[in-house]
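Asks: The following block contains the structure, expressed as structure tokens.
The values are calculated or read from the model by the stated rules, or taken from the named source; none is laboratory data. The shown structure was predicted, so the numbers you read here are calculated from the model rather than taken from an experiment. Note that each Cβ is placed from the backbone with ideal geometry, even for glycine, and that neighbours are counted across all protein chains shown. Only protein heavy atoms, including side chains, enter the accessible area calculation; ligands, DNA and RNA are left aside. Shrake-Rupley method; radii C 1.70, N 1.55, O 1.52, S 1.80 Å.
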Amino acid sequence: MGVGTYIAIYFIVWWTVIFAVLPFGVRSQHEDGAQEDGTEPGAPQSPLLIPKMLVTTVVAGVIVGLFAWSVETGRLTLDMFPMPVKMYKVD
């Protein structure tokens with residue numbers, strides 16, 4: 001696979017991981033008892049986005065690195081995955 005393919009895979013993995021990491025450690029304004037006027041009670045008090053982005057970057061890098069290593073060393077190939085059988089006949 002080319003570098004562009006790995007960049008695309010990294011992009012997809014990064015977004016998947018960020019959505020998995022976002023809820024960690026978040027406390028709502030309602031839970032902290034510090035609700036500001038005009039805001040949703042469920043809005044996060046302190047979302048901690050920068051640390052979560054850094055953790056996501058590292059985790060996505062490790063996942064894509066392991067995937068790239070598996071593909072490049074031949075430990076992971078397309079032949080390992082079952083392909084769907086055609087259910088119709090084309091003439």
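Asks: Give region 1-28 a look and list any residue that's within 28 Å of Gly42 (Cα to Cα) and either part of a loop (DSSP other than H, G, I, E, B) or in contact with a strand residue (DSSP E or B) (Cβ under 9 Å, 6 or more places away or on another chain) (or both), or say none.
Replies: Result: Leu22, Pro23, Phe24, Gly25, Val26, Arg27, Ser28.
Asks: Considering only region 1-17, state which residues are free of Cβ contacts under 8 Å to residues at least 60 places away in the same chain, open to solvent by less than 50 Å² (accessible area, probe 1.4 Å) and either under 11 Å from Val71 (Cβ atoms) or not hydrophobic (A, V, I, L, M, F, W, C) (or both).
Replies: Gly2, Ile9
Asks: Return a yes/no flag: does region 47-57 have any residue that is touching a helix residue (DSSP H, G or I) at 6+ places or on another chain (Cβ under 9 Å) and not in a helix (DSSP H, G or I).
Replies: no
Asks: Continuing with this model, one more query. Read through the list (1) among the hydrophobic types (A, V, I, L, M, F, W, C); (2) out of contact with any helix residue (DSSP H, G or I) (no Cβ under 6 Å at 6 or more places or on another chain); (3) open to solvent by less than 70 Å² (accessible area, probe 1.4 Å); (4) more than 28 Å from Tyr10 (Cβ to Cβ), then give the number of the only condition that Ala43 fails.
Replies: Only one criterion is unmet by Ala43, namely (2).
Asks: In this structure, is Gly38 free of Cβ contacts under 8 Å to residues at least 24 places away in the same chain, closer than 14 Å to Val64 by Cα and either among the charged types (D, E, K, R) or surrounded by fewer than 10 Cβ atoms within 10 Å (Cβ to Cβ) (or both)?
Replies: No.
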